[in-house]
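Just below is one structure, and these are the notes that go with it.
The values are calculated or read from the model by the stated rules, or taken from the named source; none is laboratory data. The shown structure was predicted, so the numbers you read here are calculated from the model rather than taken from an experiment. Positions of Cβ are backbone-derived with ideal geometry, glycine not excepted, and every protein chain shown enters the neighbour counts. Remember, those area values only see protein heavy atoms, side chains included, never the ligands or the DNA or RNA. Shrake-Rupley method; radii C 1.70, N 1.55, O 1.52, S 1.80 Å.
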Amino acid sequence: MPVTASQIFACLEEFFSGKIAEDWDNVGLQVGDPTKEVGRVLVALDPDPETVEIGIEKEVDLIVTHHPLIFRPVKRLDFSQPAALLLRKLIKNEIAVYSLHTNLDAAPYGLNQYLAEKLGLNRIKPWGTNRFETLYKLVVYVPRDHVENVRKAICTSGAGHTGNYSDCSFRVAGTGTFKPLPGAKPYLGEVGKVSEVDEYRLETVVPENRIYRVLDALHRAHPYEEIAYDLIRLSNRGTKLSPGRQGELASPVSLGQFAVEVKNRLRLSQVAVVGRIDSQVKKVALVSGSGASFLGQAASQGFDVLLTGDIKYHDAREAQLLGINLVDAGHYGTECLAVELLARFLTEKSEERGWDIEVIPFEGSSPFIFV
């Protein structure tokens, strides 16, 4: 089945909503036509010249990246400058770019969760700053003979999740009244006459990023021409959204052993270590990309090691002062998994939804060469 870029964007938004990105970030469509039909998708970490050239060579319609193409406001398009030239190539070849950055980092099934699982951590939980998913209460009135169909439709579309439980809803019987006016095509009753109908008040909880999909499912499953429903924002906290993860190793190992395991599992040539190489490690905190700002928090909460990237000299000295071990696996090393994650996600969703697209992963390489 053909699919447009906007349909792919909507699918990504369901699981990695741009609403959970940091305020300073720039995520979503960077350039391109959202109405264009997509046949090939290139997934990459960076929207750099190499990625764009491969996109042109492979004749892709869309490039999905972790890092944004446009991070700061563009004041002019001077084609003698590399950044503007890159945009020109994308526009000339009608290639759209869509980026998922801090929203991919923080999402419940996003990059840091994937990284923690890749490292074999147990008891994985969100860690870092404390933000929570916004929740809404959906209340809809359904005729008795359609209540189960409507309930299944909205729950299958993402409503009704509470912790480790799905299909959570409540319903109570009542009587609905209405009078169809001229021009109406009522499922029940007659035009110009007040009708009383046995209905159920059906209610459930919907996370903000699933609202439109759930409402679409509601409209397809509900028999009424005009559906009576309420959408109420809740003060209840939804899923915790954090840029990092915490977890534990199955059994304590030395810092040196842990560093080697990280290097092997992430297929890296080297990692940098700060701390006593023979000290014992069990409780792990991790933040992909640049996580030096979480040093103090990791130390105060009693973690044995912080795994991240982009550690500077003075960050290392601060870690020594705080008594927290560090493993620096690099910005690229901790984030190149985004390509694998997004490529798998898009492949699975295209199969589920019958989309006729080819997903091409491109890991690229770190810009650093060690000699």
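Does at least one position in the range 79-99 carry a residue that is touching a Ser or Thr at 6+ places or on another chain (Cβ under 9 Å), on the phi < 0 side of the Ramachandran plot and not β-branched (Val, Ile, Thr)?
Kept after step one, since they are touching a Ser or Thr at 6+ places or on another chain (Cβ under 9 Å), are these residues of the range 79-99: 97-99.
This time we only want the ones that are on the phi < 0 side of the Ramachandran plot, so: 97-99.
Remaining after also requiring not β-branched (Val, Ile, Thr): 98-99.
Checked the range 79-99: at least one residue is touching a Ser or Thr at 6+ places or on another chain (Cβ under 9 Å), on the phi < 0 side of the Ramachandran plot and not β-branched (Val, Ile, Thr).
Would you point out which residue out of 118, 193, 125 is more than 30 Å from residue 301 (Cβ to Cβ) and of a type outside the set (Ser, Thr, Tyr)?
193
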Out of (1) over 30 Å from residue 139 (Cα atoms); (2) under 19 Å from the mean Cα position of the chain (by Cα), the odd one out for residue 239 is which? (1)
What strands (runs of 3 or more DSSP E) lie completely within the range 195-296 and have 1 or more residues being touching a Gly at 6+ places or on another chain (Cβ under 9 Å) and of a type in the set (D, E, K, R)? 195-207, 244-254, 280-290
The range 219-236 residues that are closer than 18 Å to residue 205 by Cβ and modelled with pLDDT under 95, paired with ones that are open to solvent by less than 70 Å² (accessible area, probe 1.4 Å) and of a type in the set (A, V, I, L, M, F, W, C) (beta carbon under 8 Å, 6 or more apart): 236/135; 236/205
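Here is a yes/no grid of residues against (1) open to solvent by less than 50 Å² (accessible area, probe 1.4 Å); (2) not in a loop (DSSP other than H, G, I, E, B):
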| position | (1), (2) |
| --- | --- |
| 54 | yes, yes |
| 59 | no, no |
| 71 | no, no |
| 91 | no, yes |
Matching residues, the range 317-339, being without any contact (Cβ under 8 Å) to a residue 40 or more places away in the chain and touching a helix residue (DSSP H, G or I) at 6+ places or on another chain (Cβ under 8 Å): 318, 322, 323
Selection from the range 11-29 of residues that are open to solvent by less than 20 Å² (accessible area, probe 1.4 Å) and over 11 Å from residue 103 (Cα atoms): 11, 14
Can you pull out the residues in the range 193-218 that are over 26 Å from the mean Cα position of the chain (by Cα) and either open to solvent by 50 Å² or more (accessible area, probe 1.4 Å) or at pLDDT below 90 (or both)? 193, 194, 196, 198, 201
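Residue by residue, here is whether (1) at pLDDT 95 or above; (2) in contact with a Phe, Trp or Tyr (Cβ under 8 Å, 6 or more places away or on another chain); (3) open to solvent by 10 Å² or more (accessible area, probe 1.4 Å) holds:
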{"residue": "289", "(1), (2), (3)": "yes, no, no"}
{"residue": "327", "(1), (2), (3)": "yes, yes, no"}
{"residue": "331", "(1), (2), (3)": "yes, no, yes"}
{"residue": "341", "(1), (2), (3)": "yes, yes, yes"}
{"residue": "346", "(1), (2), (3)": "yes, no, no"}
{"residue": "357", "(1), (2), (3)": "yes, no, yes"}
